[in-house]
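The values are calculated or read from the model by the stated rules, or taken from the named source; none is laboratory data. Since the structure is predicted, the reported quantities are computational estimates derived from the model, not experimental observations. Every residue, glycine among them, receives a Cβ derived from its backbone with ideal geometry; neighbour counts consider all protein chains shown.
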Amino acid sequence: MFSSITLTALKRRPEGIFLAAAVLCKQPSSSGSSRTFATGSSSSSSSGSSSSSIDPSSFQFAAALSSDGNLYRAIDEVAEAVKQQLQGRRIDFCQLFVSTAHKSNLGHAPACLQDKLFKDVAEGSRSRPVILGGALQSVSANGRMISNGPGVSLLAASLPGVQLLPFHVKKPALPSFTAEQWKELLQRPSQSTDGSSSSSSSSEAQQQNAAILLSSPHFVDVEKFLLRLSAALPGMPMVGGVTERGAWVESEHDFGALFCNQDVYAGGAVGCIMRGPLSMQQVLVPGCRTAGAVMTVTEAAGNVIFALDDRPVHDSFVTLVHSLPQQDQKRELLLGLCDPGAAAAAAGDAGSRDFVARRVSLMPTAYSRPVLVVATHEVPVGTRVRLLMRDNAFNQQQQQAEFAALAERLPAADSRLGVLSYGCVALPLEEQPDAAACFLPQVPSAGGRMQGEFAGTLQQPAAVLQDGSAAAAAAGAWPGVAQLHSFAASYAILQHTSTAPSSKE
């Protein structure tokens, strides 16, 4: 009944701090463990019911927000709200975010939600939903946001025919799914030369992969994990972010909290891979705009850059900064990194969303040769870089433009769609609803503010385009390799494949 709380990463905490939690603990599952949930079918088959017999309108989403200071009353409020919105439909997936103001009871949150939604359903039943989430500083739903106070955000989805594979990892290793599960995830519809599916079965052609991933703030290998998962399942859209520090009681460790079903973890990452007639459309809006030309790293070691375009850092980067207008020099400046194989970077026309923003410092050395130290693990020689400037007004304008264009393309914009929202904590908090709620007011949306945002870059490295999906990439449908972004807003629009707009539209 109670959640299992993973305290392996908290061994150095004083024992008395977690006395209350220790009573509820049970041995956590091993790293990378997973359970399979085949929605829309009572059969034990992992593939669920055939998508050809599913009414596309059966996909339904609901979202709710509560500011109640009592966590149990707040969860009861949002649970009742989504049940009423779904009108008796079975709930297959829940995204639950709880603000860190509820830290004293965080360990009970996911189990409490399951009890509220399915108090009459036996534990372990396929009828219980997958719950994914964590603790954030700010949570939101349907255009409303609660910041720096008690808040609970919930998005619930009825996804018949979609296979759900939740997991938790402690290291940057692939989730330990079964061989049969991996075999199914690796199956992809063959593409003809014009980009259309050549599969003999339209239902098979609709089977797509998508993933939601949430990381603890101390999972330093999250970028490695993103790259490995992207390499294992190329072309799979992946969204999410890094949760908030300080989810538990005050201590020197300041860990976060992650939810995966009834379990609560203090470290690693949790996620859920979805497979079925589900379309996930990503919207990545950078919080920075570009300045100057694209440059190439020609000398580097680790995360230290010595030369750009065969010129010392002082002659290239510093000269560029000094050439900016005075008002731009006062902005926070960052360095954008782009994969050396990305087509846009190679052509020199990459925009701000093609780069991953990282903090950068100009450091003197013992040899009076300044270097650039980038806040990342490694900057390989050949990496394309570009100067980025923080610009919140630019971010807001881009969000409005993206969702205005999206609203025109969507055949349907109602509760058959759901929006997952992951914004950077550094972006300003606006009183008016966000862009998704403004332009898609009938679409349930929920999320919160992250310490880092996961999304695919728009340009896929050319080496990966040789697998037969070049047509989709050229049409703008390829999500790109999932990466950890900063100072950005990442959205995912979920819907049935039959209601998703064509990449040619």
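The figures follow:
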| quantity | calculated |
| --- | --- |
| Of all residues in the range 214-242 being part of a strand (DSSP E or B) and hydrophobic (A, V, I, L, M, F, W, C), the one that is surrounded by the most Cβ atoms within 10 Å (Cβ to Cβ) | L214 |
| Selection status of L406, surrounded by 13 or more Cβ atoms within 10 Å (Cβ to Cβ) and outside the structural domain of E332 (by TED's automatic domain parsing) | yes |
| Selection status of G271, in the same structural domain as A109 (by TED's automatic domain parsing), part of a loop (DSSP other than H, G, I, E, B) and in contact with a strand residue (DSSP E or B) (Cβ under 8 Å, 6 or more places away or on another chain) | no |
| Candidates V98, V78 - the one that is in a strand (DSSP E or B) and closer than 19 Å to V130 by Cα | V98 |
| Failed criterion for A122 (all others in (1) farther than 25 Å from E80 by Cβ; (2) at pLDDT below 90; (3) hydrophobic (A, V, I, L, M, F, W, C) hold) | (1) |
| Subset tally (residues that are farther than 15 Å from P129 by Cα and free of Cβ contacts under 8 Å to residues at least 60 places away in the same chain) for the range 82-95 | 2 |
| Failed item in (1) more than 30 Å from A437 (Cα to Cα); (2) part of a helix (DSSP H, G or I), with Q397 passing the rest | (1) |
